[in-house]
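Here is the structure we will look at.
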Amino acid sequence: MEKKFFGTDGIRGTVGEFPITPDFMLKLGWAAGRVFAGRQQSKILIGKDTRISGYMFESALEAGLSAAGVNVDLLGPMPTPAVAYLTRTFRAQAGIVISASHNPYQDNGIKFFSGKGLKLDDDIELQIEKMLDQDMSVVGSDAIGKVTRINDAAGRYIEYCKSTVNGSVSLKGLKIVVDAANGATYHVGPAVFRELGADVVAIGVSPNGMNINKNVGSTSLGSLQQAVMDQQADLGIAFDGDGDRVLMVDHTGSVVDGDELLYIIARHQQQHQALQGGVVGTLMTNLGVEKALESASIPFIRAKVGDRYVNEQLILNNWCLGGESSGHIICRHVTTTGDGIVSALQVLKAMFCAEQNLYDLRQGVEKYPQIMINVKMKQQLNISNSAAVQQAVAHAENSLADKGRVLLRPSGTEPVIRVMVEGENEQLVSQLAEELAGVVQQAASN
């Protein structure tokens, strides 16, 4: 069966447009409840980010789950990885996150975690979708689910984050600017670093329901860069709206992306005999990172774009470290999913142990110029069936030789082909990307 609603990261869309509507969320809660019910005292946790629509969808999901006979624990605004962690510690059957991650407040969505703190398997998502086709019913009045609010959820998660670094690691003497994107980390993010001894300057910590990710956070780093320079801070840390991604800024104001953070963590673990196997990146991971890891004799493989595919490869290979350029980093030796705060702490631990600043630690990577062009079309083009496109790809690859690579990737949600070219020569990379995008556009018009 092909899934109708679930994408690579749950269900997401514009608030008020199907399926991101209160009536659908009511039915979704009921459908999920029916799938996870049947066990004595079934329980599902619900967390959310700071979008104003989160109140509406929280109530709808809560009603649907209760109608299916499932007890509900409400966490309030909490980072996505916090919901994964608390789902495990509370021995719940599942966790639900109401969030559209790095998207603006007009969007929202739903993510599910299993009782093990992992994204749901495809077969469970298909079971929920199949249940959505059934008529909704309500269990007997004596079996309706009860709803409880977990008042100490934030404190539990803060202590967990601190526990993921050695007790001897201290941030004392470091001045850090923390940008919480006016999102789910606004109350827990600064607290973690402050309690570990850092002098914290917090920005993006005044959510009003409509300013999540607006000119702040990991998708808009200008505010953080300026704050780091103005405050003469040692570094800056930026999360996205739901806290599963992190990017950093060094003391010079330069951005340190997910690829470079992944390299820093990997090298630290290797040097301390703590790296299990190798590193999983994605099709978009910069070639410079692959080369740097290769020079350090660290195995590297690429997964499809998306944290669930990174995690699949980690589990398959029994490795523990992987991530994406966007800052979605998975450290499986301490957690089960991408966690911005935990990943940032792993980088700070590397700084502490090496007695080096972020600027120095990133010097091991020389990133390759990378150009990506989104080619929009009326309907999705099957690039494998286009001789002209395949010929253009072969030409680009021959021009780059072994000093670059070409990637054409269809978008999963709209008729767009993402053309990516990277290599050592920036001028050649730009030229080849433009030529290839033109061929794709022409092929789509025929």
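The values are calculated or read from the model by the stated rules, or taken from the named source; none is laboratory data. The shown structure was predicted, so the numbers you read here are calculated from the model rather than taken from an experiment. Here the Cβ positions follow ideal geometry from the backbone for every residue, glycine too, while neighbour counts run over all protein chains shown. Heavy atoms of the whole protein, side chains included, go into the accessibility calculation; ligands, DNA and RNA do not. Shrake-Rupley method; radii C 1.70, N 1.55, O 1.52, S 1.80 Å.
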Quick one: which residues, 5 or more positions from V256 or on another chain, have an amide H under 5 Å from its amide H? H modelled 1.01 Å from N in the peptide plane, none for Pro or chain starts. M248, V249, D250
Take the residue pairs K27/K111; K4/K146; K3/K130 and return only those whose Cα atoms are more than 21 Å apart. K4/K146
Semi-axes of the stretch 264-415 from the Cα gyration tensor (sqrt of 5 times each eigenvalue, largest first, whole Å) come to 32, 18, 14
Using 1/(1 + (r/R0)^6) with R0 = 30 angstrom and r between the beta carbons of I144 and T14, what's the FRET efficiency to the nearest 0.05? 0.40
In the stretch 157-254, which trypsin sites (Lys or Arg not before Pro) are in a loop and have at most 11 other Cβ atoms within 10 Å, using DSSP for the loop call? K172
With every protein chain kept in the model, how would you rank Y157, Y186 by accessible area, 1.4 Å probe, largest at the top? Y186, Y157
Given the whole protein assembly as supplied and a 1.4 Å probe, what does the accessible area of I383 come to in Å², nearest 10? 30
Cα-Cα over 22 Å: which of K48/K214; K43/K116; K214/K376? K214/K376
Taking Lys and Arg as +1 and Asp and Glu as -1, residues besides Q232 with C-beta under 12 Å from its C-beta add up to -2
Answer in debye to the nearest 20: the dipole magnitude of the stretch 237-332 about its Cα centre, from +1 Lys/Arg and -1 Asp/Glu charges placed on Cβ, is 300
Please report Rg (one decimal) and Dmax (integer) in Å for the Cα set of the stretch 349-418. 18.8, 54
Dipole of the chain, positive end: most advanced residue of A84, Y309, P190 [Cβ charges, Cα centre]: A84
For the stretch 132-243, calculate the relative contact order in percent as a whole number, restricting contacts to Cα pairs under 8 Å that are 6 or more residues apart. 28
Suppose all protein chains stay in the model; what accessible area per residue would a 1.4 Å probe give for the stretch 204-351, in Å²? 33
Whole-Hz ³J(HN,Hα) from phi, Karplus 6.51 cos²θ - 1.76 cosθ + 1.60, for the stretch 102-119, glycine and proline x: 8, 6, x, 5, 5, 9, 7, x, 10, 10, 10, 10, 6, x, 8, x, 10, 4
Rounded to the nearest 20 Debye, what is the dipole magnitude of the chain about its Cα centre when Lys and Arg each give +1 and Asp and Glu each give -1 at the C-beta? 900
Keeping every protein chain in place, order H187, H268 by accessible area at 1.4 Å, biggest value first, i.e. largest first. H187, H268
Assigned charges on the beta-carbon of Lys, Arg, Asp, Glu; the stretch 339-446 dipole about Cα centre (debye): 380
Taking K and R as +1 and D and E as -1, what net charge do the other residues with C-beta under 14 Å from the C-beta of R149 add up to? 0
Run the Debye formula on the Cα coordinates of the stretch 1-40, all scatterers equal and no solvent, and tell me log10 I(q)/I(0) at q = 0.30, 0.31 1/Å. -1.08, -1.10
Between Rg and the Kirkwood Rh of the stretch 157-267, both from Cα atoms, what is the Rg to Rh ratio? 0.95
Per residue, how much accessible area does the stretch 352-428 show when a 1.4 Å probe rolls over the protein heavy atoms, in square angstrom? 62
Accessible solvent surface per residue of the stretch 1-128, calculated while the other protein chains remain in place, 1.4 angstrom probe, Å²: 36
Over 37 Å, how big is the tail of the calculated P(r) for the chain, in percent of all Cα pairs? 27
Counting only complete DSSP H runs, which helices of the chain cover 18 Å or more along their long axis at the Cα atoms and score a mean Kyte-Doolittle of 1.6 or above? 340-354
In the stretch 161-288, what percentage of the DSSP-assigned beta bridges are antiparallel, given to the nearest 5? 45
The relative contact order of the chain, taking Cα pairs under 8 Å that sit 6 or more residues apart, comes to a percentage of 12
Please enumerate, by chain and number, the aspartates and glutamates with C-alpha under 17 Å from the C-alpha of K119, excluding those fewer than 8 residues away in the same chain. D9, E129, D242, D244, D307, E312, E324, D339
At 1.4 Å probe size, with the rest of the protein present, what percent of the exposed accessible area of the chain is carbon and sulfur atoms? 46
